[in-house]
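This report concerns only the one structure given below.
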Amino acid sequence: MPHSASATEPPLADPPRGIRAAIIMDGNGRWATAHGVNITDGHRAGGDALHDVTEAALDLGVSELTVYGFSTENWRRDPDEIAGIMQLFIELVDREAPIMLERGARMTFMGRREVLGEEICERMRWAEELTAGGTNMTLCIAFNYGGRAEIIDAVRAAVAAGIDPAVIDEDDVSRHLYRPELGAPDVIIRTAGEQRTSNFLVWQGAYAEFVFADTLWPDFGKPELHAALVEYARRERRFGGRTSEVVS
Ligand code: FPP
C-alpha cells in the first residue's frame, strides 16, 4: 500500500532540493460541500492553496512544479462551474505572475490553448513573458490539458516538422511535447484520497513515483507538501533496471 502523506506525522527532515514535482489538485468540490459554500468558492479556496503550495515549493527547493488546473475532460462539468474556473484562472495569473517575478521563478502553461479564447491566451503570454528570466523554479499550470491529447499533438508536430512517421522515436515525441524544456516529474502527488492518474502527464509520468494524500486540495499546504516530498525521497527508484539510474 502506498504511504499517505499527512500533516499529523512527526517533524521531518528537509527533502532533497531540485525535485521535479507535479500535483493533481483534487477535492475542491468536497471541500465546498463540507464548508457549505458553492463550487466556485471551493475552487477559489483551491487557488489560494495553489499560492501557498507554490511558495512552499520555492522554499523547499523544488525545481519544477506542474499542477493540473483544468483537464480536457473538465468541459463536461456544469457551464457555471467552468465559467467560474476560467475567471479564477485569469485572477490567479494576474495575482501570481508578479509574485513569481519577485521570487525569480518562471510561470508557464501546458495544454491546448486556442479553444480557451483570446483573453486567457493573452494572459498566458503576458505571464510567460513577464517571468521568462526566472531560474529559481518553474511553475507550470496544465490548463485544458490532457495527456493523451498531448501525445497526439506531439506526434502530429513531429510529422509536421518533417520527421518520417516510420522512424519517429521516443526522443522525437519528447521534443514535441507542450513543454519539452521541462523534465519528467520525479513525483506526482494526488490529493483528496483518489488513486488514479486521470490523464495527467501520461508520457512524462511513465517512471514517476506517486504519493497519495487524503487531504482535500484547499487544505493542502506546506506541511503536506513537505511530507509528500519526504515520502518520495524514501523511495528507491530503479527505472525498470536493477540499480538506480537517472532517466529524464
Ligand atoms: C478538482 O477538484 C479541481 C479542479 C477540477 C480544478 C482545479 C482548480 C483549482 C485548484 C482552482 C484554481 C486554479 C486554477 C489554475 C484555476 P474537484 O472539483 O474535482 O473536487 P471533487 O473531486 O471533490 O469534486
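The values are calculated or read from the model by the stated rules, or taken from the named source; none is laboratory data. Just so we're clear, the structure is a prediction, and the values are computed from it rather than from any experiment. Glycine gets a Cβ as well: all are built from the backbone with ideal geometry, and neighbour counts include every protein chain shown.
The table below gives the values:
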item	result
Selected residue (only one of Val115, Val93 is away from the ligand (no atom under 14 Å from the Cβ), among the β-branched types (Val, Ile, Thr) and under 25 Å from Gly29 (Cβ atoms))	Val115
Residue satisfying all of: in segment 72-109; touching a Leu at 6+ places or on another chain (Cβ under 8 Å) and outside any helix (DSSP H, G or I); surrounded by the most Cβ atoms within 10 Å (Cβ to Cβ) among these	Met107
Failed condition for Leu65, given (1) in contact (Cβ under 8 Å) with a residue 12 or more places away in the chain; (2) more than 23 Å from Pro180 (Cα to Cα); (3) of a type in the set (A, V, I, L, M, F, W, C)	(2)
Inter-residue pairs, beta-carbon under 8 Å, first farther than 26 Å from Pro180 by Cβ and in segment 88-113, second among the aliphatic types (A, V, I, L, M) and away from the ligand (no atom under 11 Å from the Cβ), 6+ apart	Pro98/Leu130
Search result, residues across segment 158-202 that are touching an Asp or Glu at 6+ places or on another chain (Cβ under 8 Å) and of a type in the set (A, V, I, L, M)	Ala158, Ile163, Leu177, Leu182, Val187, Ile188, Ala192, Val202
Which numbered condition Ser174 misses (of (1) buried (at least 20 other Cβ atoms within 10 Å of the Cβ); (2) within 18 Å of Cys140 (Cα to Cα))	(1)
Test: Gly162 is exposed (fewer than 12 other Cβ atoms within 10 Å of the Cβ), touching a residue at least 12 places away in the same chain (Cβ under 8 Å) and part of a loop (DSSP other than H, G, I, E, B)	no
Complete set of residues in segment 19-63 that are more than 11 Å from the ligand (Cβ to nearest atom), surrounded by fewer than 17 Cβ atoms within 10 Å (Cβ to Cβ), assigned to a helix (DSSP H, G or I) and of a type outside the set (Asp, Glu)	His35
Cross-chain or 6+ apart pairs with Cβ under 8 Å, segment 121-136 first and of a type in the set (Lys, Arg), then at pLDDT 95 or above	Arg123/Phe89; Arg123/Ile90; Arg123/Val93; Arg123/Asp94
